[in-house]
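Every number here is computed from the coordinates shown, using simple stated rules; none is lab data. The model shown is predicted, which means the values in this text are computed figures rather than measured ones. Cβ coordinates were reconstructed from backbone atoms using ideal geometry, including for glycine residues, and neighbour counts include every protein chain displayed.
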Amino acid sequence: MIRIVHVYPEVLGLFGDSGNVLALRKRAEWRGIRVAVTEVELGQKIPSNGDIYLIGSGSSSAVKRAAEHARALADSVGSAVAQSAQVLAIGGGMHLLTRRVDWSDGTSVVGAGLIDGVSVPRSQRLVGEFIGSTDGLDVAGFINSGHDVVTNLAPHIRDIHGLSIASDGVVAGTIIGTHSHGAYLPMNPAVADRMLVSALGDELPDGNEALRRATHAANESRRAIRQRIGR
Amino acid sequence: MRTVLAVVLGRIVRVLTRLRGGGSALPGWVALRVAPNFLSTVFDTFASRGEAPIIVVTGSNGKSTTTAMIVAALEANGHIVFSNPSGGNLPQGVASAVLASVSLRGSLKASAIVLELDEAYGPKLVATIKPTHAVLLNIQVDQLNRFFEPERVIEMVHQIGASAQTIIVNDADANTRAIGNILAMQSHAVYGFDVDPAAAPRGVYDAHVGIQTRADRRAPRALVTAQSARVTGIEVDGETVSVHLPAAGLHYALDAAAAIATVAVVMGSRHDASVSARAISDLNPVYGRGEEVQAFAAPLTIVMMKNHPSLQMNLDALQEAPESLYMAVDEGTPDPSWIYDIDVSALDHVDVLSGTKAWQWETRLAYAEIPVGLVEENTSRAFAHFGVATTPSRQEFRTAIVNYEQMMDLRRELGYKEIEGQQ
């Protein structure tokens, strides 16, 4: 049984981030692994016994609203991470986990501080499809972001083509952050499967035909993006 | 003098482009190059004639449909209306439309103007148009690759609203309602249209961002009391009229309520709501929005997937899963991440999936375990296959769900020559 906690889906979910929950759940279920998904709304207590925490993207006003609960996030998700739970945070959700988010008007909000870095406005907004790699896996997606994370931590995605950046996101222990949507995990099933392996602590059983169909479709989606980028 | 020159040159270009069967924005572009003040001259001349309303319509969804409805209702109630054709909502498009009905001296032969405005260009255009009435339809998560954040759209729609003395807002949408409340405090006259919550069990999919006040709704000037498929009841000025919608869905019912509220506000006691209802009921669908075209010697209903809310409301409105379904999405939808927010359970299969983004939709449908017959990125091959592979048993049950660009391509391929945005 894998416990997935979807954090603040009603405010953080601007770019179809519910797809990340769907991909993890389906890819586990298609292999006969049971999954329990808990959705936590703003102000509700976040359980700290989850195996995987998913935090989606949001506009600046959404990140500001969620940041009012940064302390609760730090406590609950922090203690889960201390017990080696995994976190995938997208865009604004990743910014929320850094120490501080600066806005272009000079103001800032305090983040959960689970990622040792600061989120700052980009000089130019980044919008478009990209391809890249993470730990030897080819990944692809779409980035639409006005903020970046300043950190000494390693990036999650390297060798990026299609956009004016070389790398994206952060890896902070078991926390992964990226600006990629698409949604990220449906289109990059190898990353999803690796998260499931870590959560299960074991190899994944073979899946059914539905799993193969979804994997093939995702592979073709990335192939199409790679062709558009001309690589 | 420049105005005369702009009209003459613009008209010549208009004739030439129409001979070629080509684009529509060019004549307007030429007129604006010759006389940069062309549009303000025309609108100032119109405004100087007195009380005639200048109505602008904006929002994320429903601009073209609502504009067409307001025009039809005003005309049926005796007005002579100047409007921009569906989709021609950028400055060049508006100028092109003006060229078709303006005198050499820049005088429009109309008693009312109704213009659809793009959210992004609107704030700049209203300085020229100087609208008397602004209709604010909704603010939805839409075209983020272009707008970046819904908050920016809220700001643009707010600016368009602030340019008019009289505002008609969608009170079922949290953000346009909030804009209406702010403008009311700044002594604008604000009227609302709304939907009875019982008639909208799934809500209106407004953007959950932005101002989000819980402020009260106004007493609605027009209220959607019931909506079922293509028939809606709208309560206005103490009577309930029945409207046959151009296509099925709550969003079209709200568009009709917006139109009836607007015409009621503009015409006051001279408005005959039943005349408006009949005029709106007689409308054909705007291009690709539930429009029925002929393909493979049978009717094909084109449903547009513009963004999450519009596609969801179109799917919610389906009476049953389409029997023969073609779907196509291309680079006109650069980032289809939002398809994961769509409840696709109204579909039981897709026959053919096409366009450059076909595999992203196939991924979405694979995760929803909805069968797909064929994925073929090449749209010509895919659509030809759709014609051969499907034989709908009931006429209306061949359906295409496509994005805007694919809708235009499809119409062109099927020999529908008129192009959106062209007079």
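Here are the numbers for the structure shown:
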read-out: Net charge of Cβ neighbours under 14 Å - reference A:E209; Lys, Arg +1; Asp, Glu -1; value: +2
read-out: Region B:2-281: C-alpha gyration tensor shape, a/c 1.5 cut-off, then a/b vs b/c; value: prolate
read-out: Separation of alpha-carbon centers, region A:155-231 and region B:259-311, rounded to whole Å; value: 42
read-out: Cα gyration tensor shape for region B:291-413, rounded if a/c is under 1.5, else prolate or oblate; value: rounded
read-out: Ranked A:R99, B:R289, criterion: other C-beta atoms within 10 Å, fewest first; value: A:R99, B:R289
read-out: Calculated FRET efficiency for the pair A:S104/B:R105, C-beta based, R₀ 35 Å, to 0.05; value: 0.15
read-out: In nm, spacing of pseudo-spin labels at B:L414 and B:L26 (7 Å Cα→C-beta vector); value: 2.7
read-out: Cα convex hull of region B:131-184 - mean projected area over all directions, nm²; value: 3.4
read-out: Approximate spin-label separation A:R122-B:Q165, in nm, with each point projected 7 Å along Cα-to-Cβ; value: 4.6
read-out: Net charge dipole size for the protein assembly as shown [Lys, Arg +1 and Asp, Glu -1 on Cβ; Debye, nearest 20]; value: 1700
read-out: Computed log₁₀ I(q)/I(0) - Debye formula, equal Cα scatterers, no solvent, the protein assembly as shown, q 0.08 Å⁻¹; value: -0.63
read-out: Neighbour-count ranking [beta-carbon atoms within 10 angstrom, fewest first] of B:T390, B:T66; value: B:T390, B:T66
read-out: Neighbourhood net charge (14 Å Cβ-Cβ; Lys/Arg +1, Asp/Glu -1) for A:A28; value: +1
read-out: Helical contribution to [θ] at 222 nm, DSSP H n ≥ 4, -39,500 (n - 2.57), averaged over chain B, rounded to 500; value: -12000 deg cm²/dmol
read-out: Sites A:N49 and B:L16 - FRET efficiency at Förster radius 45 Å, r taken between beta-carbons, to 0.05; value: 0.05
read-out: Residues A:H69, A:H161 arranged by fewest to most Cβ contacts within 10 Å; value: A:H161, A:H69
read-out: Over chain A: helical MRE at 222 nm, DSSP H runs n ≥ 4 each giving -39500 (n - 2.57), nearest 500; value: -10000 deg cm²/dmol
read-out: Net dipole in debye of region A:10-166 [+1 Lys, Arg Cβ; -1 Asp, Glu Cβ; about Cα centre; nearest 20]; value: 160
read-out: Filtered trypsin sites (Lys or Arg not before Pro), region B:99-166: DSSP coil and at most 13 other beta carbons within 10 Å; value: B:R105, B:K109
read-out: Separation of the A:D135 and A:R228 label points, Cα + 7 Å toward Cβ, nm; value: 2.8
read-out: Residue-averaged beta-carbon neighbours from other chains (10 angstrom radius) around A:208-218; value: 4
read-out: Fraction of antiparallel bridges per DSSP, the protein assembly as shown only, in percent to nearest 5; value: 40
